[in-house]
Amino acid sequence: MSKGPFSVEWLAQSSRGGARELPGSPLLTPPSVPAESPREREAAERPGHGAGSAEAAPGRPRTKFSAAQLRELERSFREQRYIGAGEKRRLAAVLNLSQSQIKTWFQNRRMKFKRQTQDAR
């Protein structure tokens, strides 16, 4: 099998930090510098997400649910831990929240429930 660009051998070698260039193209990374993982590269590029960063991440601020919203969400969670599309639409309309906020709240609440049940054991 050939060792051309994007061959299995070339990809395997490049993922180990070996050959970092395509034939006929300049080096992407100097050989003396270890290649960083895509996650490390992504984290370094996003401000507020680096190690030890104390500043808040830019973007959407954290949602502060009112007591009435939390009561309704908790009531719905007690009835059913996984929310259906119709119930999600209904809660979003009644509580003046987006469907993605409802979905995320349920995901977070299930994880909280899981931690609580594991701690109780």
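The values are calculated or read from the model by the stated rules, or taken from the named source; none is laboratory data. If you're wondering where the values come from, they're calculated on a predicted model, not measured in any experiment. Cβ: placed from backbone, ideal geometry, glycine included. Neighbour counts: every protein chain shown. With ligands, DNA and RNA removed, areas are computed over all heavy atoms of the protein, side chains included. Shrake-Rupley method; radii C 1.70, N 1.55, O 1.52, S 1.80 Å.
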- prompt: Of (1) modelled with pLDDT of 95 or more; (2) not in a loop (DSSP other than H, G, I, E, B), Leu97 satisfies all except one. Which?
  reply: (2)
message: Would you confirm whether or not the range 58-78 contains a residue that is touching a Phe, Trp or Tyr at 6+ places or on another chain (Cβ under 9 Å) and at pLDDT below 60?
response: no
field: Of all residues in the range 97-121 being without any contact (Cβ under 8 Å) to a residue 12 or more places away in the chain and in contact with a helix residue (DSSP H, G or I) (Cβ under 8 Å, 6 or more places away or on another chain), the one that is least open to solvent (accessible area, probe 1.4 Å)
entry: Ser98
message: If Ile83 meets every condition in (1) assigned to a loop (DSSP other than H, G, I, E, B); (2) over 21 Å from Arg62 (Cβ atoms) apart from one, which number is that one?
response: (2)
